[in-house]
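K.L.:
Quick one: structure below, then a few questions.
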Amino acid sequence: MTFLSKLFKFGSRNMAIDLGTANTLVYVDGEGIVLNEPSVVAIETINGIKRVKAVGDDAKMMMGKTPDSIETIRPLRDGVIADLDWAEEMIKEFIRKVNGRKTSMFRPPEITICVPSGSTSVERRAIRDAASNAGASQVYLILEPMAAAIGADMPVTEPVGSMVVDIGGGTTEVAVLSLRGLAYATSVRTGGDKMDESIVSYVRRHHNLLIGESTAERIKRDYGVAMAPEDGIGEIITIKGRDLVNGVPKEITINQGHIAEALAEPIGAIVEGVRIALENTAPELAADIVDQGIVLTGGGALIKGLDVHLREETGLPVSVAEDPLSCVAIGTGRAMEDPIYRGVLMTA
Ligand code: ADP
Ligand code: MG
């Protein structure tokens, strides 16, 4: 190997990207996860021209607090790619962050990026093009539930059926995997965002209090429960917001039983998605799932008691992956690094 090719090999930094509706994670070949930031872009308009003001953590801090000249968006929020151009800018910015200022010397990286199982070929091409435009020499795609399952150490290469439920911000993906492929997949448009919205509307309906989505998300993370606590109350929660009647700031208290009530609808939609998937699974694979159980990944898997609730609803063993927020990135990274998973990568 010549000096130059060694340098180029060393400098290639192939990347795996989990482009999530809530968070983007970047995994670098041989290093692991090197970036983990919210999928948020702050856009500034000056003299009618829009440009990126900030991405990731910096942009999320501005959410709900920006002056008129700046807006914050989540380019993937409501679908696969709700806003392609800004999604591309965001990917570019994250890749730039990962590479630091060294990039120009190096051969452009190969990028493996995950796409939702229900995405159309047009949407997949859009994601692939965004990664190419962001500087990739070659782009590989992997289906998100497959990545989640690999990241959760599930036996995806074996002739054994297993079910993964990846609960992200915008969507929940339910899939049955066997022999490097998806035997069944469905996507439910309910995830962490819907849970936040349910808390916002619960507090509005019952207390005439207006709270922002960031506040609702914090409440969900700290106190969210899938089932009412045993005493029906659990912990007491103090919430600050704006009174809808007289417009002034006000503070109220609710309890975890109320949160369980608020979350019942979005969680019910996720349970329904699992039930539909089970009904549509071939008998041999369904029999495997009885043994293997269901594995939960994604940030929504961290809602307390969700595993127990799903176990009660389905009668099947349910477990939460070790690091649910990182599963997809880890699985995408492993698929890129380990030849045993080569068959799961796609080029278009
Ligand atoms: P995506 O893949 O769509 O980007 P993630 O898997 O990163 O989504 O999960 C993000 C979602 O998980 C957000 O809605 C976030 O509020 C939620 N979340 C993160 N941590 C927790 C927690 N401890 N409890 C409940 N929900 C959580
Ligand atoms: Mg995800």
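The values are calculated or read from the model by the stated rules, or taken from the named source; none is laboratory data. What you see is a predicted model; the values in this text were computed from it and never measured. No Cβ is skipped: glycine too gets one built from the backbone with ideal geometry, and neighbour counts run over all protein chains shown. Remember, those area values only see protein heavy atoms, side chains included, never the ligands or the DNA or RNA. Shrake-Rupley method; radii C 1.70, N 1.55, O 1.52, S 1.80 Å.
K.L.:
Suppose a student asked you for the relative contact order of the chain, using Cα pairs under 8 Å spaced at least 6 residues apart; what percent would you report?
P.N.:
Averaging sequence separation for qualifying contacts and normalising by length gives 18 percent for the chain.
K.L.:
Roughly to the nearest percent, how much of the accessible area of the chain is carbon and sulfur, given a 1.4 Å probe?
P.N.:
50
K.L.:
Could you give me the radius of gyration and the Dmax of the stretch 192-263, taking only the C-alpha atoms into account and expressing both in angstrom?
P.N.:
Expressed in Å, the Cα Rg and Dmax of the stretch 192-263 come to 11.5, 36.
K.L.:
Shifting gears a bit: At 1.4 Å probe radius, can you tell me the per residue accessible area of the stretch 192-263 in Å²?
P.N.:
Result: 53 Å² of accessible area for each residue.
K.L.:
Only Cα pairs under 8 Å and at least 6 apart count here; give the relative contact order of the stretch 192-263 as a rounded whole percent.
P.N.:
Rounded, it is 35 percent for the stretch 192-263.
K.L.:
A follow-up question, please. Most fluctuating residue of 153, 166, 193 in a GNM of the chain with Cα springs under 10 Å: which is it?
P.N.:
Evaluated over the chain, the most mobile residue of the options is 153.
K.L.:
Order these peptides, 199-205, 186-192, 21-27, 66-72, by their mean beta-carbon neighbour count within 10 angstrom, highest first.
P.N.:
21-27, 186-192, 199-205, 66-72
K.L.:
So how do 30-37, 142-149 stack up, highest first, on mean other-Cβ count within 10 Å?
P.N.:
142-149, 30-37
K.L.:
Excluding residue 175 itself, what net charge comes from residues whose Cβ is under 12 Å from its Cβ, given Lys and Arg +1 and Asp and Glu -1?
P.N.:
Result for the neighbourhood of residue 175: -3.
K.L.:
Show the residues, 5+ positions off or on another chain, whose built amide H is closer than 5 Å to the amide H of residue 178.
P.N.:
Amide H to amide H, under 5 Å and 5 or more residues apart or across chains, residue 178 pairs with 183.
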